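Data block below; observations after.
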Amino acid sequence: MSSSTEFEPKIIAFVCNWCTYAGADLTGTSRLKYATNVKIVRFPCTGRIDFLLLLKSFAQGADGVIVSGCHPNDCHYTSGNFHARRRWIAFRTVLDLMGVDIRRIQYSWVSAAEGSKWADLVNNTVADIRALGPYAEYQKVAEYLEKEGFDEEA
Amino acid sequence: MKKLRDRVAALLDEGAVSLVIGYEEGTKRPRPLFCRNSESSGKLIFDSRCFHNLAVYVTKKELVGKERFAVTAPISTLRSILQLYVENQLSEEKLLVLTVDLNGELREFVTFEEISAYVAQFEMKRGEREQEILSKIEGMTREERWKFWMGEMSHCFKCYACRSACPLCYCTKCVVEVNRPQWINPWPSPISNMEWHVNRAMHMVGRCTACGACGDACPVGIPIDLITRKMMEDLAPEFGYIPGQPAKQGNALSSWKLDDREQFIR
Amino acid sequence: METKYISQGGMAQWFESIIASGKRVYAPVNSRGQVDFKLVKNLSEVADDYIQTTQSIKASVYPKAEVLFTYEKDHGKVNLSDFDPETIPETVLWKVHPCDAAGFKPLSAIFNWDSADKLHNAHLVKTSVISFSCAKADQSCFCTSVNGSPGNTAGSDIQLTVLPDGGAIAEILTPKGEALVALLPPVFEAERGDKKEQYLVDLPARFSLEEVNAKLNKAFNSTVWKEQSERCIGCGACAFVCPTCACFDIQEDVHGSKGRRIRCWDACGFALFTLHTSGHNPREHQSQRWRQRILHKFSYMPDRLSVVGCTGCGRCSRACPVDMNILEHITSIAKQ
Amino acid sequence: MSKIGVFICHCGENISATVDVERVAREIGGMEGVAHAIDYKYMCSDPGQTFIKEAVKKYGLDGVVVGACSPRMHEPTFRRACAEAGLNPYLCEMANLREHCSWVHEKSEETTEKAIDLVKMLVEKVKKDKPLESIKVPVTKRALVIGGGIAGIQASLDIANTGHKVILIERDPSIGGHMSQLSETFPTLDCSQCILTPRMVEVAQHPNIKLYTYAELESLEGFIGNFKARIRLKAKSVNYSTCTGCGACIQKCPVKKIPSEFNAGLGTRTAIYVPFPQAVPNKPVIDRVNCNYYKRGACKICEKTCQVGSIEWDKEDEIITEEVGAVVLATGFDVKGTDFFPEYGYGKYKDVLTGLQFERLASASGPTFGEIRRPSDGTIPKKIVFIACAGSRDPAKGIPYCSKICCMYTAKHAMLYQHKVHGGESTVFYMDIRAGGKNYEEFVRRAIEEDTVNYVRGRVARVYEKDGKLIVKGVDTLLGGQQVEIEADMVVLATAGVANCGSEQLAQKLHVSYDPYHFFAEAHPKLKPVETNTAGIFLAGACQAPKDIPETVGMASGAAVKVAALFSNDELVREPIVAVVNRLAPPLYSTCVGCFMCETACPYNAIEHEEIKGRDGSLIRTIARVNEGLCQGCGTCVAFCRSKSIDIQGYTNEQVYAEVMSLLND
């Protein structure tokens, strides 16, 4: 698909079962094509998605993350996405303060009817992350074990 | 001071309370004192140097027992006590709150509302130290912030003094002690240290009262209190709450508004 | 043992030759308002005018986290590879205080009490210690009460006592010390008859170890533990800054079919330290954990390992957020 | 160590055409803990399922991963197969290799590698799966039907006839819906009201049906078998228990010029009104927006007229709560109206009508008593043009779909015109004639051949007025794109059928999905056309997509059967995907510290306070407990819990953590 020299970002998508997972199913049913870089992890609701999982993803070598669920008012569980939205506002604030590159976390609302939006979201995010390059800054530090404080400055 | 000592002695003598948590002179600065009888009330002090957040003790059951007890609380402690009420960790029947107001008058509070009304007159502002470091951080680019915090995080050795000093970290099993899965590595490393501090900040959303106890406790001098303070300063207006002045029910993170910001959501 | 004189200029040259030899040099550096041991390249980086580094030098021989071995599962087979101690670089610790240097002995005593700890011992072999005697002390210092002194040479390979002219008395104590001297022998001049004691801080002993030991032998059920530890909030700051605290945890760092076993610092002050899976905790209360800390250092170790588990550096008292002052508490036990 | 069986499906060639399924099976077979891995052409087929069942027994599998289509499709199938082989069904997971991989990527190394990763992820998840037991909840055997058109009427009657209680709510003052507005129905040309009104009366008189007209759903809480519906009974200002329906008040009402909704704006009604003569219930309501008394504080003529004192000026909206076990959505559709076709002059020229308005003109109960007369001057049009696909199949208008009923009703209109206006000339502009249905094509042919309706294949560009005539400019594509211009006396637009107004808000209240056009979404386009994604809520009629009467009635009966099937159980078996607060042996009891953040986060009020008491009865601690009947398994509480004391079965922290790690560990 792309030349071997091109950087292929690793991206994990955290999506809710009712809207985005179903939306991505529709992308398939509609045979719309998108990049293979993104792998979907299914959750019952965006309200279920633990922010620590996002941090863990980066520490384990993800270059980008997609978080997607139902549009406001469409949540299968009434308000899970509203809770999630507020949590992401807080999370972004904290991460930004720490200097984490929050451009690498792409939030979206993709409904069960938006198969093409899902394809676009994946393709755009892959392009964005490819432009940003590998998240080496984070991954390098994540490899450090004892090399802190006492040793060289991290 | 005398009024406070006399009142505490009386409370203990009458048996109105079994314990008064206050301050005494320490080797470097005032430190917590646990008065269980009227004799020891003579050691009590209460002045502007007494800033250690005593609310950290009020949730320790082995310490406070089942009887009613009292705390001599400066403003930071009062704010934490309010938050602990909201989180069902205190009951008004068990705790008597004493403080000395700006006029040197002894004040006693029993209810959430009384404390809340008293606390409302105090504004929460950055001190000189906070202002200095935060304005430095606020002036940094993202890359500079990352370098700055990674440098700081490399000093953290996970003694968890920040957690222990925080009155709102009262969980019997902290997330760092959960090992199925092991969310946060038990050993110190810059990334997992950061994960811990991000996690701490996230757990403090809508709860932190910016008492500074965590930063004060850090033996390696990481300004971790500023992570939570800055988080709270940024989010409080957006989420519509006043830090240290919690509503009696609910929490800024577990509630939401229909028009919460979502420009970042594609 | 040999005593020499080294001038201020000679010291600088010698330092350079140590760096030039390719050894890693750690020395106290003042940064972010705290003095701590860091990797240095120049003598100018080394801090002056401080009483004590925040953290002890313990991490040089007992890292905060270190890999014991790595493993990989491959179709039912497990390939193990031990950590190779040969990869530990030659290390020189510069400007260690005698109370820190004295910590190596109790630390080793714990690591080797039943079987030899290969990793810890390998660190020790690779590490040379250049200590500086103390001309200053503060309220928290009490080395003289625990068999130490501002000029104690135990654990050091070379000890320097800085003189008013900027030069120093150099006590070359071990073959490792001699090897360091051999890097630039000319700067080590004949000693000039300076009296070391004259340049050491005067620090009278505050209690008698024997007396404390005797009291502690009968104190297990005393109420003193509860009284002293009421304000303890149960963090690990004291243990983590201590030069002799050796509690550790063993953890797995697994990624798919690969993993490594890691030893990392722990602290007996943590409630979780002794918590059983069943929910039972033999040291359920903070007072019991405080008792363990004191008894371990001042009773169990002297009795079983013939070494006191405290060097009087005072770091725990300085680091404690709630002013748990070890000197104050030990003194009060001694006086009981 | 785990013994996991992995089964990779080719899905015919749907997966194997782009994914090297043999390689997937081979590589997964080498994974830690995988005891058996095969690929097969159709895993969901009988032999495919037999492979799974046999492997479970032969290898003693403690987990199964099927790499096939979306779990939303076949998860129940494979879980059932596992259960039949004696493996707890919740130890079976699906990797979505079709919708999320083979269908969205080209054939390549990367595609196969992604497929391997997806299967690996589920293998790691399965390793952390725990056997779960289904949850049983009681069923309230009473249905709520929303919408009193033919769909709602049919569904209500069918459910009521199975012996279960039905609550039917209708937002208008009468049931009947669009069908009551129609003149004759295709393809039989029998009178719509003649066949509908008996059904309406049956609803009103059925002992099992409780009818609330002039009522709307306020909110719906709960879950399948256990919903709580709050219903707003809008103030009718008339006491229906005393009102005799004599109609005297309507005669006397001085406000007479209100456009009649029933007549699609072609007639008028009064402020106190019954929408149409056959209304059920046949009792009036006061339209407070137009009533003189409510507007200006004076009039009250109706009150003076009323012999039984039924006018209730101060009546307010009332909210009632009804407990129901199932909901049928039958809210119907709407047609595009005013200003949507400026090029056709609708809204500007009185004689350009919508199809629905033409129905009223043609109806015996309509404003012209069934005579086709021009609204502008009351004359009988000599020439009439029908424009099909007005809005439908027109992406530029935002409606790319076919409204389905227009071809047939346009043929009917033309036919009715020809029957009623002898010597009249009718022309139909059409794109295609879609007459699929029993006797439908024959019906259209009859219009063309027997009733001499002129069918022109082509689109109309413009309609404008010139000398009292409507000039219709279009092209005839069958004549090679030749310009056609017709001077017409009346133009009828077959306007697009669209979702009813408020359907989006209603969907949000009910938490059912809807499509981009705000039609409610069925759970599966083929196999679950009457179910929604929300269990216990079913669809009937045009609220799902435009459809004609027989289709609507069929779907309504289908929904009714679904409800009846649900009500045939005293207890409902629910998936055990619920949150659980951990419990430990004393002295820990639980790691929950009782901050009850979960309580404030839970959308279902499923968090309860549990008091932990010592042997002496003294309170040790208060911790959270999940009411598993109320919990719907969203897991919002889980992400809020600081001490990770609450977890959700099926998506536990260990499971999702293992999944994420598997994707990143090389």
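Odds and ends about this structure:
- Residue that is small (Gly, Ala, Ser), closer than 18 Å to C:Val61 by Cβ, crowded, with 22+ Cβ neighbours inside 10 Å and in contact (Cβ under 8 Å) with a residue 40 or more places away in the chain, where the choices are C:Ala102, C:Ala170: C:Ala102
Yes or no, residue by residue, for (1) more than 21 Å from the chain's Cα centre (by Cα); (2) among the small types (Gly, Ala, Ser):
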site: D:Ser192; (1), (2): yes, yes
site: D:Leu196; (1), (2): yes, no
site: D:Met200; (1), (2): yes, no
site: D:His206; (1), (2): yes, no
site: D:Thr213; (1), (2): no, no
site: D:Leu217; (1), (2): no, no
site: D:Phe223; (1), (2): no, no
site: D:Ala235; (1), (2): yes, yes
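Rundown of residues vs (1) at the interface with chain A (Cβ under 9 Å from one of its Cβ atoms); (2) not hydrophobic (A, V, I, L, M, F, W, C), yes/no style:
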| site | (1), (2) |
| --- | --- |
| D:Asn582 | no, yes |
| D:Leu588 | no, no |
| D:Cys602 | no, no |
| D:Asn605 | no, yes |
| D:Asp616 | no, yes |
| D:Val626 | no, no |
| D:Gln632 | yes, yes |
| D:Thr652 | no, yes |
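- Listing of strands (runs of 3 or more DSSP E) fully contained in the stretch A:1-117 that carry 3 or more residues being of a type in the set (A, V, I, L, M): A:11-16, A:38-43, A:64-69
- Within the stretch B:158-175, being over 20 Å from B:Leu90 (Cβ atoms) and not in a loop (DSSP other than H, G, I, E, B) holds for B:Ala161, B:Cys162, B:Val175.
- Scanning the stretch D:336-384 for residues that are part of a loop (DSSP other than H, G, I, E, B), of a type in the set (A, V, I, L, M) and under 16 Å from D:Phe262 (Cα atoms) turns up just one, D:Ala364.
- Of the strands (runs of 3 or more DSSP E) lying entirely inside the stretch B:35-154, those carrying at least 2 residues that are at pLDDT 95 or above, touching a strand residue (DSSP E or B) at 6+ places or on another chain (Cβ under 9 Å) and aliphatic (A, V, I, L, M) are B:69-72, B:95-100.
- Looking across the stretch D:406-452, just one residue is over 21 Å from D:Val484 (Cα atoms), of a type in the set (S, T, N, Q) and assigned to a loop (DSSP other than H, G, I, E, B), and that is D:Asn439.
- For C:His97, the conditions (1) at pLDDT 95 or above; (2) within 12 Å of another protein chain (Cβ to nearest Cβ) all hold with the exception of (2).
- Among the residues here, C:Phe132 qualifies as within 30 Å of B:Lys28 (Cα to Cα) and within 15 Å of the chain's Cα centre (by Cα).
- Helices (runs of 4 or more DSSP H) fully within the stretch C:46-148 that include at least 3 residues being out of contact with any strand residue (DSSP E or B) (no Cβ under 9 Å at 6 or more places or on another chain): C:104-111, C:118-126.
- Scanning the stretch D:613-652 for residues that are without any contact (Cβ under 8 Å) to a residue 24 or more places away in the chain and over 30 Å from D:Glu571 (Cα atoms) yields a count of 8.
- Of all residue pairs spaced 6 or more apart or on separate chains, those with beta-carbon atoms under 7 Å, a first member in the stretch A:90-116 that is more than 7 Å from chain B (Cβ to nearest Cβ) and a second member that is acidic (Asp, Glu) are A:Ile102/A:Asp96; A:Arg104/A:Asp63; A:Ser111/A:Asp74; A:Ala113/D:Asp515.
- Number of residues in the stretch A:47-64 that are buried (at least 24 other Cβ atoms within 10 Å of the Cβ), free of Cβ contacts under 8 Å to residues at least 60 places away in the same chain and more than 7 Å from chain D (Cβ to nearest Cβ): the value is 1.
Okay, residues lined up against (1) surrounded by fewer than 21 Cβ atoms within 10 Å (Cβ to Cβ); (2) more than 36 Å from the chain's Cα centre (by Cα); (3) under 15 Å from D:Thr77 (Cβ atoms):
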| position | (1), (2), (3) |
| --- | --- |
| D:Val6 | no, yes, no |
| D:Cys9 | no, no, yes |
| D:Gly30 | yes, yes, no |
| D:Ser45 | yes, no, yes |
| D:Lys57 | yes, yes, no |
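- Restricting the stretch C:30-88 to residues that are among the β-branched types (Val, Ile, Thr) and within 12 Å of chain B (Cβ to nearest Cβ), the residue that is nearest to C:Ser317 (Cα to Cα): C:Thr54
- Filtered by the rule that a residue be among the small types (Gly, Ala, Ser) and within 14 Å of the chain's Cα centre (by Cα), the stretch B:36-77 gives B:Ala55, B:Ala73, B:Ser76.
- One residue from D:Val201, D:Val119 being buried (at least 24 other Cβ atoms within 10 Å of the Cβ) and assigned to a helix (DSSP H, G or I): D:Val119
- Answer from D:Lys526, D:Lys547 - the residue that is of a type in the set (Lys, Arg), within 14 Å of chain A (Cβ to nearest Cβ), in a loop (DSSP other than H, G, I, E, B) and closer than 30 Å to D:Ala411 by Cα: D:Lys526
- Filtered residues of the stretch A:25-46 (kept if farther than 18 Å from D:Asn14 by Cα and either in contact with a Pro (Cβ under 7 Å, 6 or more places away or on another chain) or at the interface with chain D (Cβ under 7 Å from one of its Cβ atoms) (or both)): A:Asn37, A:Lys39, A:Ile40, A:Val41, A:Phe43, A:Pro44, A:Cys45
- Top-ranked residue of the stretch D:432-457 - restricted to ones that are polar (S, T, N, Q) and at pLDDT 95 or above, ranked as surrounded by the most Cβ atoms within 10 Å (Cβ to Cβ): D:Asn454
- All positions within the stretch C:262-284 that are surrounded by fewer than 18 Cβ atoms within 10 Å (Cβ to Cβ) and either among the small types (Gly, Ala, Ser) or touching a residue at least 40 places away in the same chain (Cβ under 8 Å) (or both): C:Ser278, C:Gly279
- Residue satisfying all of: in the stretch A:121-138; within 9 Å of chain B (Cβ to nearest Cβ) and either surrounded by fewer than 21 Cβ atoms within 10 Å (Cβ to Cβ) or modelled with pLDDT of 95 or more (or both); nearest to A:Ile11 (Cα to Cα) among these: A:Thr125
- Among the residues of the stretch D:288-300, none qualifies, meaning not one is part of a loop (DSSP other than H, G, I, E, B) and touching a residue at least 60 places away in the same chain (Cβ under 8 Å).
- Checked against (1) more than 30 Å from D:Phe596 (Cα to Cα); (2) of a type in the set (Gly, Ala, Ser); (3) within 12 Å of chain C (Cβ to nearest Cβ), B:Ser41 meets all criteria but (3).
- Restricting the stretch B:211-228 to residues that are surrounded by 24 or more Cβ atoms within 10 Å (Cβ to Cβ) and within 25 Å of B:Glu114 (Cα to Cα) leaves a set whose member that is farthest from the other protein chains (Cβ to nearest Cβ) is B:Cys211.
- Output for the stretch D:87-116, where each listed residue is part of a helix (DSSP H, G or I), under 16 Å from D:Val21 (Cα atoms) and more than 7 Å from chain A (Cβ to nearest Cβ): D:Cys101, D:Ser102, D:Glu109, D:Thr112, D:Glu113, D:Ala115, D:Ile116
The values are calculated or read from the model by the stated rules, or taken from the named source; none is laboratory data. Note that the structure is a prediction, hence the values are computed from the model and not measured. Counting neighbours? That spans all protein chains shown, and the Cβs are built from the backbone with ideal geometry, glycine included.
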